[in-house]
1. Out of curiosity, is residue 12 touching a residue at least 24 places away in the same chain (Cβ under 8 Å), closer than 18 Å to residue 122 by Cβ and β-branched (Val, Ile, Thr)?
2. Here's a check for you: in the range 74-91, which residue that is free of Cβ contacts under 8 Å to residues at least 24 places away in the same chain and not small (Gly, Ala, Ser) is nearest to residue 187 (Cα to Cα)?
3. Has the range 24-44 got any residue that is under 25 Å from residue 263 (Cα atoms), among the small types (Gly, Ala, Ser), out of contact with any strand residue (DSSP E or B) (no Cβ under 9 Å at 6 or more places or on another chain) and crowded, with 21+ Cβ neighbours inside 10 Å?
4. May I ask you to list the residues in the range 242-254 that are part of a helix (DSSP H, G or I) and in contact (Cβ under 8 Å) with a residue 12 or more places away in the chain?
5. Hey, can you tell me all the residues within the range 161-190 that are surrounded by fewer than 22 Cβ atoms within 10 Å (Cβ to Cβ) and among the small types (Gly, Ala, Ser)?
6. Determine whether residue 67 is farther than 19 Å from residue 218 by Cα and touching a Gly at 6+ places or on another chain (Cβ under 9 Å).
7. Restricted to the range 37-60, and to residues that are over 17 Å from the mean Cα position of the chain (by Cα) and in contact (Cβ under 8 Å) with a residue 24 or more places away in the chain, which residue is farthest from residue 212 (Cα to Cα)?
Amino acid sequence: MPDWIYAVILGVIEGLTEFIPVSSTGMMLLAKHGMGLTDPFWNTFAVMIQLGAILAVVALYFRKLWGAVITLPSDPASRRFALSVLVAFIPSVVLGLLLHDFIKGALFDSPVAQCVSLIIGGIVLLLIDRMAPPPVHTEADRLPLKTSLIIGLFQVISMMPGVSRSGATIVGAMLMKVEKRAAAEFTFFLAIPTMTGAFVLDAIESRDQIMAGGNLGLLAIGFVTAFLVAIVVIKAMLAIVTRRGFAPFGWLRIAIGGAGLALLTLG
């Protein structure tokens, strides 16, 4: 199969899974394992095309984000929104820089750990969806700084194999009494600096690998695919969360993790 088809498949998977709480890293690992993609370039590919999905957030929330940027000097609410995202981002910056090589190496090579974490995370989502305290924060851009920091600490948990970044932050937000839709939206906003940072770090460290052969073209294909798919997924996710909460995603994690373990065992 030509490499560009692998790039499209992985781009679709990234766009589908970056924001729904099912672990895009876990899905990528299982897909690469199933397709026999053992070249280290595909690990770099999986990280870098995340920026395509992140730009989907920028596109969909452009008016809100641009409005916050241009009113930063004059509007305290805009400054507080920016600061809340920054505060939530800091824990991942610190640990991401310290553990980057370990995350990219060891955690990317454990399909079984990814599947087990998918199942455990699914159970956690089901429990949180039913047992979270009543929400008191209903707007993603007006969270208290303490709440934002705790959500950021939950994001750090996503550095473990199979733990969804969006799932971890959503669980943290709901435990901090953030309404479900607002929890999802804050997760989107927090993804912008988090995934942009991961993109820049990987681009610097893997620049020779990226420029080799046709790798840059493959990245462009995956990037655009992830962007287009993510736009559709974000809209669909918000509609599902508003009507049915996060339980459907919990069951999806359990199903995917169980199927993955079964395939790995049979294989």
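The values are calculated or read from the model by the stated rules, or taken from the named source; none is laboratory data. Keep in mind the model is a prediction, meaning the values are calculated, not measured. Counting neighbours? That spans all protein chains shown, and the Cβs are built from the backbone with ideal geometry, glycine included.
1. no
2. Filtering the range 74-91 down to residues free of Cβ contacts under 8 Å to residues at least 24 places away in the same chain leaves 74-76, 78-79, 82.
Then drop every residue that is not not small (Gly, Ala, Ser), which leaves 75-76, 79.
Details: 75: 23, 76: 22, 79: 18 Å.
Ranking the candidates gives 79 first.
3. Checking the range 24-44: at least one residue is under 25 Å from residue 263 (Cα atoms), among the small types (Gly, Ala, Ser), out of contact with any strand residue (DSSP E or B) (no Cβ under 9 Å at 6 or more places or on another chain) and crowded, with 21+ Cβ neighbours inside 10 Å.
4. Here is the first cut: in the range 242-254, the ones part of a helix (DSSP H, G or I) are 242-244, 247-254.
242, 247, 249, 250, 251, 252, 253, 254, listed by residue number.
5. 182 - this is the single residue of the range 161-190 that is surrounded by fewer than 22 Cβ atoms within 10 Å (Cβ to Cβ) and among the small types (Gly, Ala, Ser).
6. Numbers: farther than 19 Å from residue 218 by Cα: yes; touching a Gly at 6+ places or on another chain (Cβ under 9 Å): no.
Judged against the criteria, residue 67 is not a match.
7. Filtering the range 37-60 down to residues over 17 Å from the mean Cα position of the chain (by Cα) leaves 37-42.
Retained after the next criterion (residues that are in contact (Cβ under 8 Å) with a residue 24 or more places away in the chain): 37, 40-42.
Details: 37: 17, 40: 13, 41: 10, 42: 13 Å.
Residue satisfying both the conditions and the ranking: 37.
Residue-by-condition table, conditions (1) under 16 Å from residue 154 (Cα atoms); (2) in contact with a helix residue (DSSP H, G or I) (Cβ under 9 Å, 6 or more places away or on another chain); (3) modelled with pLDDT under 90; (4) in a helix (DSSP H, G or I):
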| site | (1), (2), (3), (4) |
| --- | --- |
| 166 | yes, yes, yes, yes |
| 170 | yes, yes, no, yes |
| 190 | yes, yes, no, yes |
| 196 | no, yes, yes, yes |
| 201 | no, yes, yes, yes |
